[in-house]
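Presented below is the structure to which this report refers.
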Amino acid sequence: MNLSDLREELTAQADTLGTAPDLRDGVAAKVRQAKRRRAATAGVGASLAVAAIAVGVLTGVDRPAPLVPAGSPSSTGPMVGANGMPYRPVAAAPGDITKDGLRLRAHSADSLLAGGAIGDLGQRSLSVGWNPTTTKISLTIECYVPSASPEAAMDLMVRASIGSMQGYFSTSCSPAMEAGGDLPVGGIEPGPTGEGSPDVTVGGTGTLRVDLVDRQNRPVSRPDVRLVAAVYELGPQTEIRDADRKVAGVLPDTLEQQGYTYRLSGLMAGPVTDIARGRIELEAPASGPFLVTYGTVGIDGLRTDPAYYTLSGITGEATQIQEGAYETAPQSAGRGQWLTLTRGMPDLGTEGTKGTAFIATYVPTR
Amino acid sequence: MTGEDTVERASFDDFVASRSTRLLRTAYLLTHDRALAEDLVQTALSKAWFAWGRIEGRPEAYVRRIMVNTYSSWWRRRWNGEEATADLPERHDCHRPDHVRVDERTDLWRALERLPKRQRAVVVLRFYEDLSEAETAEIMQCSVGTVKSQASRALAKLRIDPSLRPAADEESVR
């Protein structure tokens, strides 16, 4: 390599961008956010003072963002859900599978529907084939029995099998259908963390079969049962590595929330043995809605008195999560604050405990 | 609002309109991500907006300085009370054909991605912006000696990066 190569590479990469879009709205939004922070610090008088100086294109700085109540899809403005996050209905897309008011979505964020089926009423088994392009998949397996009591529904199971692995796992049935008819996008990810399913061969043929059984694994029939089976191929993921550089967990690079796609924007992770003596911190986005995923992965064994981890820096009260689990919390507005994960009570020590604690943030894509 | 205010704001709008493309390209070379680059430029411009009437000299240099320093502080971590610079999260490729774009990156682009932030910033300012060592030092708010050492280390890393082997043209770069 020489300097000419370097200069040419930098220029070529920069040229791929073309002309910049109009960034003025984005700048105005950030100025507005900064002014709110300053006003909140300095009081009402300061707020009125700064509100008077915006002119020109940045007059939009002080114009409140248009909000309409959730549930008004006819409005042209952005809608806000009950949780304060942007909301929009997900329109029908090519490749969606629909039947009797139910929908298997063709995609959600970077997860793509590879194969799926919604059974007829009373159909007690389903088989779905697909052509795998990755071993990393997530399965949607649903069973609805609307006329059954919750207790009776729990006694009905769906046994799922991939390829030649019969009776791979089971899930119980439910009397309640999904609100709105949109079925979950995946949920069961077979195989070791970060490696995908060992029973799927890229370039081969995949088969997912589901059967309605009872708790003794015997085939059963019900006239009102509705089975659903689908395979989603997962998009890019980011690995969370432990102190030995082994993959302790993976996070999707994109998530969908209330019709909007969010991309991974920040990740901080460290051994739980370190967090016992300190904390993990990650800076939240300076503005706008975001998602924060936090918790622990790769915990070596479950204890009878598990430790809890506390996330602070979010809107509302700090939230706790048990070791070995993680969750995602929507946040309606970042302000560049520190999100902090600390180990809470009971502090039983971490001797012999393996695991990795992490905080990750996701911001909306365009 | 005074007439002077209006002129200042109008000049800011003109600046945004005329310099966004240039700033965005620099930001992209720093972040290697278009969305992050746009966010970085917007963040830098919003900070400049508050100081617009007080900027002495060339506003572009001022905005670029904010941009580089904001970029350097992003992904900052505080770990047990210590502060250090964290790299972007590791990503691994997917088997899916629509992600082959990752593979289309050149080896040199990948090698640049692996540089520490300050070194990457020096490379961009010196060899894309063609700034002098003194100008680079002013933007990065460090000494000329630091710029020299960071550039030297960056170039050395690029030359020895495994993805660039075999390097038949091991000519001197300085």
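Quick notes on this structure:
- Being closer than 21 Å to A:Leu102 by Cα, over 21 Å from the mean Cα position of the chain (by Cα) and at pLDDT 80 or above is a description that applies to A:Ser125.
- A:Ser174 vs. criteria under 26 Å from A:Val90 (Cα atoms) and in contact with a helix residue (DSSP H, G or I) (Cβ under 9 Å, 6 or more places away or on another chain): yes
- Any hit, region A:144-159, residues being on the phi > 0 side of the Ramachandran plot and free of Cβ contacts under 8 Å to residues at least 24 places away in the same chain: no
- Odd one out for A:Ser287, checked against (1) surrounded by 20 or more Cβ atoms within 10 Å (Cβ to Cβ); (2) within 14 Å of chain B (Cβ to nearest Cβ); (3) assigned to a strand (DSSP E or B): (3)
- Boolean, A:Leu113 is modelled with pLDDT of 85 or more and in contact with a Leu (Cβ under 8 Å, 6 or more places away or on another chain): yes
- Strands (runs of 3 or more DSSP E) completely within region A:148-263 that count 2 or more residues being among the acidic types (Asp, Glu): A:206-214
- Within the set A:Asp253, A:Asp274, the sole residue that is farther than 26 Å from A:Gly334 by Cα and of a type outside the set (Val, Ile, Thr) turns out to be A:Asp274.
- Where helices (runs of 4 or more DSSP H) sit wholly within region B:76-143, those with at least 1 residues that are modelled with pLDDT of 50 or more occupy B:107-113, B:117-127, B:133-140.
- Qualifying residue in region A:228-248 (condition: in contact with a Cys (Cβ under 8 Å, 6 or more places away or on another chain), in contact (Cβ under 8 Å) with a residue 12 or more places away in the chain, buried (at least 21 other Cβ atoms within 10 Å of the Cβ) and over 27 Å from A:Glu327 (Cβ atoms)): no
- So A:Leu102, is it in contact (Cβ under 8 Å) with a residue 60 or more places away in the chain, of a type outside the set (D, E, K, R), within 18 Å of A:Gly187 (Cβ to Cβ) and in contact with a Pro (Cβ under 9 Å, 6 or more places away or on another chain): no
- Inter-residue pairs, beta-carbon under 7 Å, first closer than 12 Å to A:Val247 by Cβ and in region A:192-205, second in a loop (DSSP other than H, G, I, E, B) and at pLDDT 85 or above, 6+ apart: A:Gly196/A:Thr134; A:Gly196/A:Thr135; A:Gly196/A:Lys136
- Evaluating A:Gln258 against the criteria (1) within 21 Å of A:Arg105 (Cβ to Cβ); (2) within 12 Å of another protein chain (Cβ to nearest Cβ); (3) modelled with pLDDT under 90 leaves one unmet condition, (2).
- Taking the listed residues A:Tyr309, A:Tyr294, A:Tyr362, the one that is farther than 21 Å from A:Asn83 by Cβ and either modelled with pLDDT under 90 or in a strand (DSSP E or B) (or both) is A:Tyr309, with no other qualifying.
The values are calculated or read from the model by the stated rules, or taken from the named source; none is laboratory data. Predicted model only: the values in this text are computed from it and were never measured. In this analysis, Cβ positions are derived from the backbone assuming ideal geometry, glycine residues included, and neighbour counts consider all displayed protein chains.
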